[in-house]
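Beneath this line is the structure, given in structure tokens, with notes to follow.
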Amino acid sequence: MDRGKYYLSTAIAYASGKPHIGNTYEIVLADAICRFKRMSGYDVYFQTGTDEHGQKIQLKAEDAGLTPQAFVDATSAEIKRIWDVMNTSYDHFVRTTDPDHERKVQDIFEKMLATDDIYKSKYEGWYCTPCESFWTESQLVDHKCPDCGREVKWAEEEAYFFRLSKYGERIMKHIEEHPEFIQPESRKNEMINNFLKPGLQDLCVTRTSFNWGIPVKSDPKHVIYVWLDALTNYITFPGYEPMGEDGEGYVKYWPADVHLIGKDIIRFHTLYWPAFLMALGEPLPKQVFGHPWLIVGSDKMSKSKGNVIYADDLAELYGVDAVRYFLLHEMPFASDGSLTYDLMTERVNSDLANILGNLVKRSVDMCNRYSDGILSDHACPGEHDDELQALCVETVKRTEEKMDTLHVADAIDEIFTLLRRANKYVDETEPWKLGKNPEDKARLDTVLYNLLETIRFAAELITPFLPETGERIFRQLNVSPSGWDGLQKFGLLPAGHKIGQSEILFQRLDPAKKAQEIADYYAAKEAAESGFEPVLPDVTIDDFARCDMRVCKVLKCENVKKSDKLLRFELDDGSGKVRQILSGIAKYYKPEDLIGKTVVAILNLPARKMMGLESNGMLLSAVKEVNGKEELNLMILDDGVPAGARLC
């Protein structure tokens, strides 16, 4: 089924560091929308990537002792890795340091300069480096940046300006004629009341105080300011040519159907970007959706607050699909969503393990138990069958309606309403009772068919949101996805079809154990990052007491022939007998330097042969990696400690 083209872009992530889970929400949301559109018959182009120029990146690169290009190469790769960890299906991962993009941005600038949409002047104003934004005195909040709350600095420099004021009325008219252009409604009202009605000011589009950017072709001491560079990625990469014939991708996919962005950059995408396009004579995107933020508990994520959470950590702790489910289901359409580990654990148990996983497993198990895994003709209808079958088809329509308006959490709710109804159907029909009476076999076969066909519908619909889970359900059903056409009518599974074996989709989690696992995970991660090895699992005092650690005096020490590693020790362990121990520390110590030293050994280890010699114990030492090289220090005590003294 060909339902036409669909172009969705995310904002390109600023390549200044690793994206946290709130940043990652956007790419997962975009992926779910694009997967659903593909599944429902659209030719989808899904673009994401990284924004890599600007003063902030230049400063971070200097702090890291790297060139800006080396810095963004590393950070862009890390952002792409996180997007891939979350199993996102983008068609093009763009980078604004791409030479072709840089060429097109230069041409766009010259084209606007030629039409007098860009002019040279001088800028004086308050500048926020992290946001790369200029502000007037009246726009500051407590003399700080109104966007991020950080300190601003006064800046004066020659600059080129874009005549944003020229396009205010046209942008307002477009919004009035296209009420769906800015979503949600609250974002639209904010742009109209806070910016368009007071009047737009011309926009600074070059800088001379730093050089990490795209130089102006006709005036190279100026670099093109980040928003003109970044926003144009939505057209340059599909194939827009400012000075020539547009490429096939641009002709096919532009205008974009949706720009999916965070609510904090809605102004740039609904005021600056439309004005740029109007100046170029190009169509505007159909919709800009400013999604809400994901916060931790009740706070916005911040490194200074120590509450930053990363997607790869969550995926390690819960699995990719569980994280995707939480992000997509727990974020409201227009207000911020909240993330806590306790809530994630609860959702895994209540929704994924109980409602979804339990239904699939027990349905597949009952078919294998009662019918040898073979589906029979569903020719013995009964009460509740029609309702379940009708709900399957109706859920497809309802889910698509919700997805068409980007109410993704509500779309997932529709699927889980179907799953809940199927679980209720199991309770109503009681197949375990039908399986006890041979006379009820036809009815049992019908019940099992209805359940497994319902699960097929659910698997098709849930795959865009939980791709791996969908694949695993199809594997248990032993079928391939049918696509949109297979969701228009109940009854696609054929009689005689052999299903597969069940598997647990989501394991139920013990909240207390999961909380401890999370604590241990982050403790180990922090230790690894600091160079400190994690503490081993707890032992009892009895375990410790079983290790007989004694003070010994080194009577003799020599190299072991034909070995580069081993030293042979003769030790006075206080027993009156000489104890022989071999130790692999020859590259750290000369034998003659250890004679007469007081050391510690574990004496009650089983004897072992090395290089034909018997070793009766193990010397204690400390080992640590320093600058990539292993260092070892033998535990050497004060000579006043007597041989045979026990460590306790």
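The values are calculated or read from the model by the stated rules, or taken from the named source; none is laboratory data. Bear in mind the structure is a predicted one, so any value in this text is a computation, not a measurement. Because the Cβ atoms are built from the backbone with ideal geometry, glycine has one as well, and the counts that use them run over all protein chains shown.
Which residues, taken from the stretch 389-414, are touching a Lys or Arg at 6+ places or on another chain (Cβ under 6 Å) and not small (Gly, Ala, Ser)?
Residues satisfying the conditions are 391, 410, 414.
When you scan the stretch 303-317, do you find a residue that is outside any strand (DSSP E or B), closer than 23 Å to residue 404 by Cβ and not hydroxyl-bearing (Ser, Thr, Tyr), even just one?
no
For residue 517, are the conditions met, namely being surrounded by 12 or more Cβ atoms within 10 Å (Cβ to Cβ), charged (D, E, K, R), modelled with pLDDT of 90 or more and outside any loop (DSSP other than H, G, I, E, B)?
Yes, satisfied.
Contact list please: Cβ distance under 7 Å, first residue in the stretch 415-433 and among the small types (Gly, Ala, Ser), second residue crowded, with 17+ Cβ neighbours inside 10 Å, pairs at least six apart or on different chains.
422/359; 422/388; 422/451; 422/454
Taking the residues in the stretch 305-324 that are more than 16 Å from residue 23 (Cα to Cα) and over 12 Å from the mean Cα position of the chain (by Cα) as candidates, determine which candidate is surrounded by the fewest Cβ atoms within 10 Å (Cβ to Cβ).
Going through the qualifying residues, I end up with 306.
Could you tell me which of the residues 375, 434, 356, 388 is closer than 28 Å to residue 28 by Cα, assigned by TED's automatic domain parsing to the domain that holds residue 463 and buried (at least 20 other Cβ atoms within 10 Å of the Cβ)?
356
I'd like to check something: does the stretch 224-243 contain any residue that is in contact with a Pro (Cβ under 8 Å, 6 or more places away or on another chain) and either surrounded by fewer than 17 Cβ atoms within 10 Å (Cβ to Cβ) or under 24 Å from residue 100 (Cα atoms) (or both)?
Looking through the stretch 224-243, at least one residue is in contact with a Pro (Cβ under 8 Å, 6 or more places away or on another chain) and either surrounded by fewer than 17 Cβ atoms within 10 Å (Cβ to Cβ) or under 24 Å from residue 100 (Cα atoms) (or both).
Within the stretch 137-156, can you find the residues that are assigned to a strand (DSSP E or B), surrounded by fewer than 15 Cβ atoms within 10 Å (Cβ to Cβ) and among the charged types (D, E, K, R)?
Once the filter is applied, which keeps residues that are assigned to a strand (DSSP E or B), surrounded by fewer than 15 Cβ atoms within 10 Å (Cβ to Cβ) and among the charged types (D, E, K, R), the stretch 137-156 yields 151, 153, 156.
Could you pull out the residue among 615, 575 that is of a type in the set (Ser, Thr, Tyr) and in contact (Cβ under 8 Å) with a residue 60 or more places away in the chain?
575
Take residues that are more than 27 Å from the chain's Cα centre (by Cα), free of Cβ contacts under 8 Å to residues at least 60 places away in the same chain and under 18 Å from residue 15 (Cβ atoms) and tell me which of the helices (runs of 4 or more DSSP H) falling wholly in the stretch 37-136 contain 1 or more.
The helices (runs of 4 or more DSSP H) meeting that bar are 55-64, 99-114.
Filter the stretch 1-20 down to the residues that are in contact with a Phe, Trp or Tyr (Cβ under 6 Å, 6 or more places away or on another chain) and of a type in the set (A, V, I, L, M, F, W, C), then identify the one that is farthest from residue 483 (Cα to Cα).
It comes out as 8.
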